[in-house]
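Sharing a structure here in structure tokens format.
The values are calculated or read from the model by the stated rules, or taken from the named source; none is laboratory data. All figures in this text were calculated on a predicted structure; none of them were measured in a lab. Here the Cβ positions follow ideal geometry from the backbone for every residue, glycine too, while neighbour counts run over all protein chains shown.
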Amino acid sequence: MPPASDPPQGACIFCSIARHEAPARIVHEDEQTIAFLDIFPLSRGHTLVVPKAHVDRLTDLPPDQYAPLMSTLARVCRRVEKMSRHYNIGINQGALAGQIVFHLHFHVIPRYEDQPTFPRHRRGITDQEAVELAALLSTDASPPG
Ligand code: AMP
Ligand code: ZN
């Protein structure tokens, strides 16, 4: 039984779009990737870049698909730059991070003059926190199992 965050492929909206069974405004497609407009855009031109293979998260993506996905991401970014040279690229990974579609996707979100983007006020970081975090992030996770 798959976990709730990993729907069977038949129930996945992005798999349906990749199979051309659900409607989408597709802006790029090749053998391994597809890019289409977000149906509830955060800004004009908000685009999703998606591997056709159903994986929930980046860490599940087979490494031979990194390059095609990155290539499509860069292609979409170049196109978005026709609209704005300011944009965010993001992945929401996990429900607590705001993921609602559990099929890996990059968001490319153009930013325009009239839109505030990030909160200006951020908490600082102590040296000790920085040392601990850098140590944690400097080594690879051990493989599961
Ligand atoms: P996330 O929160 O990262 O999982 O984002 C999922 C994104 O998919 C949201 O921005 C939705 O607006 C978008 N979305 C959901 N269903 C569709 C759809 N059928 N076509 C295009 N975008 C969609
Ligand atoms: Zn899927």
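Restricting to region 33-53, count the residues that are buried (at least 19 other Cβ atoms within 10 Å of the Cβ) and either within 16 Å of ligand 2 (Cβ to nearest atom) or within 17 Å of Ile100 (Cα to Cα) (or both).
Counting residues in region 33-53 that are buried (at least 19 other Cβ atoms within 10 Å of the Cβ) and either within 16 Å of ligand 2 (Cβ to nearest atom) or within 17 Å of Ile100 (Cα to Cα) (or both) gives 10.
Quick test for you: out of Leu104, Leu73, pick the one residue that is surrounded by 15 or more Cβ atoms within 10 Å (Cβ to Cβ), more than 16 Å from ligand 2 (Cβ to nearest atom) and modelled with pLDDT of 95 or more.
On the way: Leu104 fails: more than 16 Å from ligand 2 (Cβ to nearest atom).
Unique residue meeting the criteria: Leu73.
Scan (1) surrounded by fewer than 14 Cβ atoms within 10 Å (Cβ to Cβ); (2) in a strand (DSSP E or B) for the single condition Gln128 breaks and write down its number.
Status for Gln128: all satisfied but (2).
Here is a further query. So in region 1-27, with the set limited to residues that are at pLDDT below 95 and surrounded by 12 or more Cβ atoms within 10 Å (Cβ to Cβ), which one is farthest from ligand 2 (Cβ to nearest atom)?
Result: Val27.
Any residue in region 80-101 that is surrounded by fewer than 17 Cβ atoms within 10 Å (Cβ to Cβ), in contact (Cβ under 8 Å) with a residue 24 or more places away in the chain, of a type in the set (D, E, K, R) and under 28 Å from Glu31 (Cα atoms)?
no
Hey, among the residues in region 28-52 that are in a loop (DSSP other than H, G, I, E, B) and modelled with pLDDT of 95 or more, which one's nearest to Phe106 (Cα to Cα)? So that I can check it myself, show each step before the final result.
As a first pass, look at region 28-52 and keep what is in a loop (DSSP other than H, G, I, E, B): 30-32, 38-46, 52.
When the remaining residues are screened for being modelled with pLDDT of 95 or more, the result is 30-32, 52.
Values: Asp30: 16, Glu31: 17, Gln32: 14, Lys52: 13 Å.
Among residues in region 28-52 that are in a loop (DSSP other than H, G, I, E, B) and modelled with pLDDT of 95 or more, the one nearest to Phe106 (Cα to Cα) is Lys52.
Is it the case that region 73-91 has a residue that's under 15 Å from Pro51 (Cβ atoms) and of a type in the set (Phe, Trp, Tyr)?
No, every residue in region 73-91 fails to be under 15 Å from Pro51 (Cβ atoms) and of a type in the set (Phe, Trp, Tyr).
Conditions tested, residue by residue: (1) under 19 Å from Arg19 (Cβ atoms); (2) in a strand (DSSP E or B); (3) more than 15 Å from ligand 1 (Cβ to nearest atom).
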{"position": "His54", "(1), (2), (3)": "yes, no, no"}
{"position": "Asp64", "(1), (2), (3)": "no, no, yes"}
{"position": "Val76", "(1), (2), (3)": "no, no, no"}
{"position": "Met83", "(1), (2), (3)": "no, no, yes"}
{"position": "His103", "(1), (2), (3)": "yes, no, no"}
